[in-house]
Amino acid sequence: MTRAAPAIVILGKGSLATARKIQQIYPGALIHGLAGRVEEVDRVYQEFGATLRGFYQQDTPIIALCAAGIVIRTLAPVLLEKGAEPPVLAVAEDGSAVVPLLGGLGGVNVMAREIAAGLHVAAAITTSGELRFGTCLLNPPSGYALADLEQGKRFVSDLLAGHSVRIVGAAPWLDQAQLLDDPQAQRSIHVGSAEREASADELLIYPRSVAVAVSADVVGLPTAIRVALEQAKIARQSLACLVAADNEMAAESLREAALDLGVPLRFVAAQNDSEALALAAVPEAKVVSANNLAIAIADQPLNIAHVGRARGRLAVIGLGPGAAELMVPAVKAELARATDVLGYETYVRMAGPFRDDQVQHCTDNREEMQRARHAFELAAQGRSVVVVSSGDPGVFAMAAAVLEALHESSDTAWHNVDLEILPGVSASLATAAQAGAPLGHDFCVLSLSDNLKPWAIIEKRLDLAAQADLALAFYNPISRSRPWQLGRALEIVAQHRTPQTPVVLGRDVGRPGQTLRVTTLGQLTPDQVDMRTMVLIGSSTTCVFPREGGGQWVYTPRWYGSKPVT
Ligand code: SAH
């Protein structure tokens, strides 16, 4: 399992220097600072408690630069919840102390040592086994899985009591451990992929060294795989990945099976039979057959990155209007897993910051089709590509361009890409929410840009929508190259609406310097609007009333005609 990059959480400016040093140790980590107290950070948060608990529940390692007591009290309410237990560390503001608090099995002591080394101090390790043996026996490195934690704890306390031990199988990471080694010892650390009966005398560690070759034709795949492993007497925990032929890349059943078993799915060129497939994926393996499936068993944990290749992924995401709180969690997760990020420079910058290993491909706003094709080329190589739009990607943005590129292509590699569109809060909705509910009844969304459609159709739609008494939302209302169109649009609307019709102008909504203005159709002039503005025009039923504390609420009632009796 690869863990998410840690979150470095600070409360004030005093910890910034230490936070930066820790960030050098974990280049993927972001520094989160308390709003109003410290600005020069990657992310600001409003509330310390909610932020810390949120990271904990999302299994994000936490490095908090504050008193250990604060961290303990803050996390106490979530500690008894089942599920995640990420590493949690408290680090003194000045970097003089590193205290691992939680997540012993998630490698917190390893992190404590890494951070302490970077800060030139000693880590405050308190785990007895770890102190005695110099390593946590219950937390083998990635590529290995402990069979049974509870049994492991008893085993370690036996060793702490002075029992000797022998190692069976290859455990290179224990070479440096200070164990009481004795070839005759009754207790053993057993490393191997064969399923074994648990025994109190054994610490069982399974290397993730097994791959199963699968095909979409097999019904009930997850069960079939479990049965095959059982028949071959291979531990379920040793399963490192599933492999399949690349002509089945898009098969939903394969993806579901991998998800069900919690292992990655890798692809190799199609072969004559499943033994050949298994061998193509893991050439050094011994291949056995069980329950009609071929199983590749290697001596060492598999380096998944070298087993065939992944199905590429392409996600077209919407950032929302700008503010981080308005970005949906699925989009945040997608950005974190991306290898490549494509988009108009402003939006790519808004989606960041990115890690050093994430490639940014910034392009001009107009090169949409070219960008869409580039995205498929990268994803078809197995990369995890994100195409960034502002607001919602399906509203006058990249999603349609990406689908058009795919529709035009006959390249199966493109069609095999795992394509997903992740929605965002569109500018019309973000603006409407700030004003109240001007789109509370039927409404019509239009782009006033005639770059990709004739102006005549825009006029026709405007006329009909206004006639139908729909509230209107105008995207791309005006630009330097389209100076007169908005004025003409307003003339058309004015033929069907009174000058008192409420109008909402939202500029840079959800971004720094945002403005919201409520006016009327009669007072609206094109010079009040620019290309960063969203224009909402009410219908005949849209109302306005004063808001306590200043400004106005705008809403369009849910009903039309006569108000229902309530
Ligand atoms: N996909 C975007 C829209 C892209 S079209 C979305 O769903 O929001 C670009 C137009 O959207 C701009 O000309 C402007 O009219 C509007 N817009 C985008 N972001 C905005 C914001 N933060 N505030 C106000 N209007 C915005």
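Restricted to segment 279-293, and to residues there that are closer than 11 Å to V210 by Cβ and more than 31 Å from the chain's Cα centre (by Cα), the residue that is surrounded by the most Cβ atoms within 10 Å (Cβ to Cβ) is A285. Could you check, for segment 222-235, whether at least one of its residues is assigned to a helix (DSSP H, G or I) and touching an Asp or Glu at 6+ places or on another chain (Cβ under 6 Å)? Yes, that holds for at least one residue. Only one residue in A250, A336, A330, A315 is assigned to a loop (DSSP other than H, G, I, E, B), among the aliphatic types (A, V, I, L, M) and within 30 Å of S426 (Cβ to Cβ). Which one? None of the other options fit; the residue is A250.
Counting the residues of segment 146-164 that are assigned to a helix (DSSP H, G or I), in contact (Cβ under 8 Å) with a residue 24 or more places away in the chain and open to solvent by 70 Å² or more (accessible area, probe 1.4 Å) gives 1.
One residue stands out in segment 524-557 among those that are touching a residue at least 24 places away in the same chain (Cβ under 8 Å) and open to solvent by 70 Å² or more (accessible area, probe 1.4 Å): the one that is farthest from the ligand (Cβ to nearest atom), namely S540.
Per the conditions (1) at pLDDT below 95; (2) open to solvent by less than 70 Å² (accessible area, probe 1.4 Å); (3) under 28 Å from G382 (Cβ atoms), the sole criterion not satisfied by A244 is (1).
The conditions of being in contact with a strand residue (DSSP E or B) (Cβ under 9 Å, 6 or more places away or on another chain), of a type outside the set (D, E) and open to solvent by 70 Å² or more (accessible area, probe 1.4 Å) are met by P423. Tell me which residues, restricted to segment 303-337, are acidic (D, E) and surrounded by fewer than 18 Cβ atoms within 10 Å (Cβ to Cβ). E325, the sole residue that qualifies.
Kindly indicate whether G103 is in contact with a strand residue (DSSP E or B) (Cβ under 9 Å, 6 or more places away or on another chain) and at positive phi. Even if it seems obvious, please write down each step before you answer.
Details: in contact with a strand residue (DSSP E or B) (Cβ under 9 Å, 6 or more places away or on another chain): yes; at positive phi: yes.
It is true that G103 is in contact with a strand residue (DSSP E or B) (Cβ under 9 Å, 6 or more places away or on another chain) and at positive phi.
Scanning segment 512-521 for residues that are open to solvent by less than 70 Å² (accessible area, probe 1.4 Å) and either within 11 Å of the ligand (Cβ to nearest atom) or out of contact with any helix residue (DSSP H, G or I) (no Cβ under 8 Å at 6 or more places or on another chain) (or both) gives G513, L516, T520. In segment 490-511, what count of residues is obtained for those that are within 13 Å of the ligand (Cβ to nearest atom) and either farther than 25 Å from S426 by Cβ or of a type in the set (G, A, S) (or both)? Of the residues in that region, 2 qualify. Of the residues making up segment 386-427, those that are near the ligand (Cβ under 7 Å from one of its atoms) and out of contact with any helix residue (DSSP H, G or I) (no Cβ under 7 Å at 6 or more places or on another chain) are D392, V395, F396, A397, S426, A427.
The values are calculated or read from the model by the stated rules, or taken from the named source; none is laboratory data. Remember, predicted model here, so these are calculated numbers, not experimental data. Cβ sites come from the backbone with ideal geometry, for glycine too, and all protein chains shown count toward neighbours. The accessibility values were calculated without ligands, DNA or RNA, using every heavy atom of the protein model including side chains. Shrake-Rupley method; radii C 1.70, N 1.55, O 1.52, S 1.80 Å.
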